[in-house]
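Here is the structure we will look at.
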Amino acid sequence: MSISPATQAFWDTSFDQRLNRFRQLRQNSPQFHEEPHGPGFWSIVRYDHVVDVSHNPEIFSSARGFTIADFPAEALAFAGSMIAMDNPKHRQFRGIVQGAFTHRSVQQIAGTVQRYAQALVKTIPSHGEFDFVEAVAGKLPLVVICELLGIPLEDRDLIQRLADQVVGHSNELFTNSPGMSPSVVDIYSYAVQLGSERKSDPSDDVISRLLTPPAKGPELTVDEFASFLVLLITAGYDTTRQTLAWAVHLLTSHPAQLKLLVDDFDGHIDAAIEEIVRWASPVPYMRRTATADTSVGGQAISAGEKVVMWYLSANHDESVFADPSTFDITRPNSSKQLGFGARDPHHCLGVNLARLEVRALLRELIRLHPHMRSGKPDLVLSAFISGIHRLPFSVRVNDVVDLAPGRR
């Protein structure tokens with residue numbers, strides 16, 4: 001009997017061993033696993049099976065929960081936002097908010113993101129070792145979200161503190177599903193107040209545009225906006241933070257890959273981001289629930305049973321990715337990775353913003369500190385976050401390279 005990925009025993013080990021356990025699961029997939037305090041679930045670990053489930057939202061529902069553990073319906077509506085919705089509600093909600101996250105919309109703040117990245121990298125200590133996650137990776141994503149939405153400058157310290165409390169994770173206490181921190185309520189209350197103010201007195205910002213009644217079609221309520229902001233500030237913030245931490249760890253522990261970026265940043269950065277997300281899979285799973293008797297990979301699944309799509313396993317499926325445990329930013333099919341979803345109705349809304357942030361920060365880090373170093377990462381002990389709790393990091397002084405044309 002294989003170890004259930006819902007348990008601490010599965011995750012309390014090295015990253016390589018986690019991948020090896022998923023490799024073993026792929027040899028006999030899908031498998032049913034027990035869960036603590038629950039009815040159990042089917043683990044979907046092969047790439048093609050994950051895609052099949054993702055592309056059949058009528059059969060595999062998101063509205064009944066997106067984590068292994070079940071949450072009350074009111075909690076899903078409160079903190080789950082559109083990742084806990086099915087069509088037609090999901091289609092309507094996403095149609096209202098997605099305009100703020102298109103490639104064109106995100107590019108309008110690209111200059112601002114780059115300036116924030118430049119300023120942040122300049123604050124890096126020139127001597128000694130420090131924690132990259134706390135000092136750097138955790139700073140940029142939240143500032144960018146606040147900038148995109150137009151959250152007032154005087155409120156951003158509050159948002160930072162609440163977000164850290166919500167997504168605070170440990171390398172000692174295991175969880176397979178995110179908990180309901182009291183700070184979620186505080187963020188929600190703040191968002192309700194901010195949304196009400198912008199609805200009654202709109203300005204030229206994203207929040208006002210989201211809450212302005214459209215000429216025709218559904219309108220985003222203040223409560224819906226508040227739950228969406230909770231999702232952005234928690235999920236969007238932490239996944240990008242983890243991607244940035246993994247990026248630095250993977251590049252510094254693979255010097256030849258880092259040199260490729262130093263020598264030709266623009267030529268490699270897009271593929272590098274895809275490979276970082278493939279390798280690390282910051283969100284290792286999402287759950288669905290079968291709405292009818294069905295099957296996956298020839299395995300019968302009954303209506304009402306939980307189905308967990310393990311992106312971390314699918315992204316290391318040897319039938320799709322050759323030598324999957326190798327980190328290679330020149331991998332020809334890295335864009336097939338499922339770390340942002342399977343290009344299905346629930347594909348990550350913030351993918352353009354995340355890529356922009358990773359590109360901006362890596363450009364500045366590599367330009368100013370091409371020989372940066374990191375130590376052994378302390379991994380987050382969680383089934384829901386494939387993350388780094390702490391990453392020792394240091395730089396050399398006066399170590400700038402030219403990323404001008406010809407070396408870009």
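Of 139/306; 89/139; 89/306; 122/336, which sit over 31 Å apart, Cα to Cα?
The pairs that break the limit, which is 31 Å between Cα atoms, are 139/306; 89/139; 122/336.
Mind jotting down the three principal axis lengths of the chain based on Cα atoms? Whole angstrom, largest first.
That works out to 62, 56, 37 Å along the principal axes.
Place the peptides 237-244, 104-111, 225-232 in order of packing, highest mean first, counting for every residue the other Cβ atoms within 10 Å and averaging per peptide.
For the peptides 237-244, 104-111, 225-232, the packing ranking is 237-244, 225-232, 104-111.
What number, in percent, do you get for the relative contact order of the chain if the mean sequence gap of Cα pairs under 8 Å and at least 6 apart is divided by its residue count?
Working: 671 pairs, mean separation 109.2, N = 408.
Once normalised by length, the contact order is 27 percent.
Can you give the net charge of the other residues whose Cβ lies under 15 Å from the Cβ of residue 204, counting K and R as +1 and D and E as -1?
Around residue 204, the charge tally is -1.
Tabulate in residue order the Karplus-calculated ³J(HN,Hα) for the stretch 50-55, using 6.51 cos²θ - 1.76 cosθ + 1.60 with θ = phi - 60°, rounded to whole Hz; enter x for Gly and Pro.
Once θ is set to phi - 60°, the couplings for the stretch 50-55 become 4, 4, 4, 5, 4, 8 Hz.
Give me the one-decimal Kirkwood hydrodynamic radius in Å for the stretch 276-408, with the sum taken over alpha-carbon pairs.
By the Kirkwood definition, the hydrodynamic radius is 17.8 Å.
Report the full-extension gain for the segment residue 157 to residue 263: residue separation times 0.36 nm, less the Cα-Cα distance, to one decimal in nm. Present the calculation step by step, with values, prior to reporting the outcome.
Values: separation 106, 0.36 × 106 = 38.16 nm, distance 3.76 nm.
Computed gain between residue 157 and residue 263 is 34.4 nm.
I'd like the Karplus ³J(HN,Hα) series for the stretch 130-145: coefficients 6.51, -1.76, 1.60, θ = phi - 60°, whole numbers in Hz, and an x wherever there's a Gly or Pro.
Listing the rounded values in order: 8, 8, 5, 4, 6, 7, 10, 4, x, 8, 5, x, 6, 4, 5, 4 Hz.
Using a Förster distance of 25 Å, how high is the FRET efficiency between residue 74 and residue 3, based on the Cβ-Cβ distance and rounded to 0.05?
Given R0 = 25 Å and the Cβ-Cβ separation, E is 0.15.
Name the residues whose placed amide hydrogens come within less than 5 Å of the amide hydrogen of residue 181, ignoring near sequence neighbours (fewer than 5 apart) on the same chain.
none
If I stretch the segment between residue 253 and residue 89 completely, what's the gain in nm (0.36 nm per residue apart, minus their alpha carbon distance), one decimal?
Value of the extension gain: 54.6 nm.
For every helix of n ≥ 4 consecutive DSSP H residues, a contribution of -39,500 (n - 2.57) applies; sum these over the chain, divide by its total residues, and give [θ] at 222 nm rounded to the nearest 500 deg cm²/dmol. Walk me through the intermediate numbers first.
Working: 16 runs with 171 residues, N = 408.
Using -39500 (n - 2.57) per qualifying helix, the result is -12500 deg cm²/dmol.
Taking the dipole about the Cα centre of the stretch 8-394, with the C-beta of Lys and Arg at +1 and of Asp and Glu at -1, give me whichever of 95, 247, 284 is farthest to the positive side.
About the Cα centre, the residue reaching furthest to the positive side is 247.
Comparing 382, 43, 374, which has the greatest mean-square fluctuation in the GNM of the chain with Cα pairs linked when under 10 Å apart?
Greatest mean-square fluctuation among the candidates belongs to 374.
What list of ³J(HN,Hα) couplings, whole Hz, do you get for the stretch 190-197 from phi and the Karplus terms 6.51, -1.76, 1.60, once you set θ to phi - 60° and write x for glycine and proline?
Running phi through 6.51 cos²θ - 1.76 cosθ + 1.60 with θ = phi - 60° gives 4, 5, 4, 5, 5, x, 5, 5 Hz.
Show which aspartates and glutamates lie in cross-link reach of residue 259 when reach means a straight Cα distance below 18 angstrom and same-chain residues fewer than eight apart are skipped.
270, 274, 275, 328, 364, 399, 402
Using a cut-off of 12 Å between beta-carbons, work out the net charge of the residues near residue 192 (Lys and Arg +1, Asp and Glu -1, residue 192 not included).
Value of the local net charge: -2.
Show me 333-343, 195-205 ranked by packing, highest mean number of other Cβ atoms within 10 Å first.
333-343, 195-205
Where both partners of a DSSP beta bridge lie in the chain, what percent of those bridges are antiparallel, to the nearest 5? Working shown, then result.
Details: 19 of 25 bridges.
Expressed as a percentage, antiparallel bridges in the chain total about 75.
How far, in nm, would the chain grow between residue 98 and residue 396 when pulled straight, counting 0.36 nm per residue and subtracting the alpha carbon separation?
Gain on extension, residue 98 to residue 396, equals 103.1 nm.
Report the residue, chosen from 318, 154, 172, that carries the largest GNM mean-square fluctuation when the chain is represented by alpha-carbon nodes joined by springs under 10 Å.
Maximum among the listed residues: 154.
What number comes out for the charge environment of residue 305, summing +1 per Lys or Arg and -1 per Asp or Glu over other residues with Cβ under 14 Å away?
Local charge sum for residue 305: 0.
Based on alpha-carbon centroids, what's the gap between the stretch 173-198 and the stretch 127-166 in Å, whole number please?
16 Å
No lab work stands behind these numbers, since they all come straight from the coordinates. Computed from a predicted model, the values in this text were never measured in an experiment. Glycine gets a Cβ as well: all are built from the backbone with ideal geometry, and neighbour counts include every protein chain shown.
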